Amino acid sequence: MTDYVVAPPAISAVPIKGSDKLFPVRRIFCVGRNYAEHAIEMGSDPTREPPFYFAKPADALVINDGDMPYPSMSKSLHHEMELVVAIGVGGSDISVADALKHVWGYCSGLDMTRRDIQNEAKKTGRPWDMGKGFDHSAPMGALVPAAGVDPSQGKIELKVNGKVTQTSDLSKLIWSVPEVISNLSHLVRLEPGDLIMTGTPEGVAAVVKGDVLEGFVEGVGSVKTKIL
């Protein structure tokens, strides 16, 4: 038995729809600007530039429709609704043709962003970590197994207090799910337990305390959180 000098961290996990089992989370990768309209609204070129990535810590998860505290050091918290891919089979240098064989399942997720901190980091050429990877920044719904899910199409939508703020279709992803998995696997070896947030459509906007966010991806499921 290993004797640690401090208690090992708890394992973060995502619930599985219709099951008591959990999906343990190893890492959370996020794809930046993967819908053309969102790239435009963020002041970027919507062409197929190579994908780029940032990360969130596994313990940033908020599950089971839990509440999300408004983060410290920010006055501009933005929502970003996304399809999340859960890796079940690891691998490096995965081909696009084989990429979906590595997927365990999918869920709906929110890439919550301290936009003011992120924007300041962009201006100064510094990392985005504190704009993206803060506590409680990754609310996620329950996972559904990959079988029967077509990640190449389907409505993706977010409502804030019942009003639609983001709506699009997975077919509008600049880089498809198989392409993202393949590209990322050439940069790092993917392992079971890794999650990939695949990018957000246009319509990102600020939220405040008391707002209720409800999102869904067609054929996958929903995510819900209240900002406290």
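Some points to look at:
- Charge-dipole axis of region 86-228 as Lys and Arg at +1 and Asp and Glu at -1 on Cβ define it, positive-most pick from T113, M197, F216: T113
- Point-to-point label distance, N64-I11, nm (Cα→Cβ direction, 7 Å offset): 1.7
- Distance violations [Cα-Cα > 31 Å] among K132/K172; K21/K132; K17/K209: none
- Gyration tensor verdict on region 118-228 (Cα atoms; rounded if a/c is under 1.5, prolate if a/b is larger than b/c, oblate otherwise): oblate
- Note on exposure: Y106, Y53 ranked by accessible area (1.4 Å probe, complete protein assembly) read Y53, Y106, with the most exposed listed first.
- For the pair V188 and D98, label points projected 7 Å from Cα toward Cβ lie 2.1 nm apart.
- DSSP bridge analysis restricted to the chain gives an antiparallel fraction near 85%, rounded to the nearest 5.
- Leading residue at positive end of dipole, region 14-123 (Cβ point charges), from L100, F54, L77: F54
- For D129, the shell of other residues with beta-carbons less than 15 Å away shows a net charge of +2, using +1 for Lys and Arg and -1 for Asp and Glu.
- The 1.4 Å probe gives accessible areas that order K172, K209, largest first, as K209, K172.
- Most to least accessible of V188, V204, V180 (protein chains only, probe 1.4 Å): V188, V204, V180
- Stretchable slack from K123 to T2, in nm (0.36 nm times residue separation minus alpha-carbon distance): 39.0 nm
- For Rg and Dmax of the Cα atoms in Å, the candidate list reads (1) 16.5, 48; (2) 18.5, 65; (3) 16.7, 54; the entry that matches the value derived from this model is (3).
- Net charge dipole size for the chain [Lys, Arg +1 and Asp, Glu -1 on Cβ; Debye, nearest 20]: 320
- Here is how the number arises for the chain: DSSP H runs of 4 or more residues each give -39500 (n - 2.57), the sum is divided by the residue count, and the result at 222 nm is -3500 deg cm²/dmol.
- Portion, in percent, of the accessible area of the chain that falls on carbon or sulfur, probe 1.4 Å: 55
- Mean separation of Cα pairs under 8 Å and 6 or more residues apart, divided by the residue count, gives the chain a relative contact order of 31 percent.
- Dipole of the chain, positive end: most advanced residue of M130, P8, N183 [Cβ charges, Cα centre]: M130
- Total charge dipole magnitude, region 108-228, about the Cα centre, Cβ charges on Lys, Arg, Asp, Glu only, Debye to nearest 20: 420
- Note: relative contact order over region 149-228, using C-alpha pairs below 8 Å and six or more positions apart, is 36 percent.
- Heavy atoms of T2 accessible to a 1.4 Å probe, total area in Å² rounded to 10: 90
The values are calculated or read from the model by the stated rules, or taken from the named source; none is laboratory data. Just so it is clear, the structure is predicted and the values come from calculations on it, not from any experiment. Cβ sites come from the backbone with ideal geometry, for glycine too, and all protein chains shown count toward neighbours. Only protein heavy atoms, including side chains, enter the accessible area calculation; ligands, DNA and RNA are left aside. Shrake-Rupley method; radii C 1.70, N 1.55, O 1.52, S 1.80 Å.
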